[in-house]
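A quick write-up on the structure given underneath.
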Amino acid sequence: MRLLPALLSSAALLLASCSTIDDRARERAAALDAMPAPMREAALQGSLREGMTADAVYVALGRPSRVVSGIEKGVRRERWVYSQMESREIPAWRDAPYRLSNGAVGFLPAYEPITVTSTRDRFEVKFENGKVVGWGGL
């Protein structure tokens, strides 16, 4: 029974993260209309430019996995980090019981790999005072 809530919440997260540029552009239409044409065009193509606002980056790349904020020497800094889920299989063996013809229990090795899922940071966008100052892979 615990599986159903986990599946439903996973499905909701997946659907929320699958918005398209067009979906995000409709969501932030007023902000896009107020942007200079080169910034708007870059955002609608999924590209980044220095000086872009958070709204433009949101339209171009979507919601970040996490946001890290702070102030350094009076400058408000923010990093948007985009992550990716990764799964890998770890080989694992266990002793599987079986019943012998005389009623005794024997054991045979059974291969049962373990799947481990983790999140890995892949890309970041850096802002200073609300404007993009850089980006790159991690």
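The values are calculated or read from the model by the stated rules, or taken from the named source; none is laboratory data. Computed from a predicted model, the values in this text were never measured in an experiment. Heads up, the Cβs are rebuilt from the backbone with ideal geometry, glycines too, and the neighbour counts pull from every protein chain shown.
A few points about this structure:
- Residues in region 36-57 that are under 21 Å from R79 (Cα atoms) and assigned to a loop (DSSP other than H, G, I, E, B): G46, S47, L48, R49, E50, G51, M52.
- Hey, R28 surrounded by 12 or more Cβ atoms within 10 Å (Cβ to Cβ), in contact with an Asp or Glu (Cβ under 7 Å, 6 or more places away or on another chain) and among the basic types (K, R) or not: yes
- Applying a threshold of 7 Å to beta carbon distances and a minimum spacing of six or more residues, or different chains, the list of pairs starting in region 84-103 at a residue that is more than 30 Å from R122 (Cα to Cα) and free of Cβ contacts under 8 Å to residues at least 40 places away in the same chain and ending at one that is assigned to a loop (DSSP other than H, G, I, E, B) and not polar (S, T, N, Q) reads R94/E112.
- Subset tally (residues that are within 30 Å of M52 (Cα to Cα) and assigned to a strand (DSSP E or B)) for region 100-138: 17
- The residues on offer are G70, G103, and the sole one that is more than 27 Å from A29 (Cβ to Cβ) and touching a strand residue (DSSP E or B) at 6+ places or on another chain (Cβ under 6 Å) is G70.
- Odd one out for S69, checked against (1) in contact with an Asp or Glu (Cβ under 9 Å, 6 or more places away or on another chain); (2) outside the structural domain of V125 (by TED's automatic domain parsing): (2)
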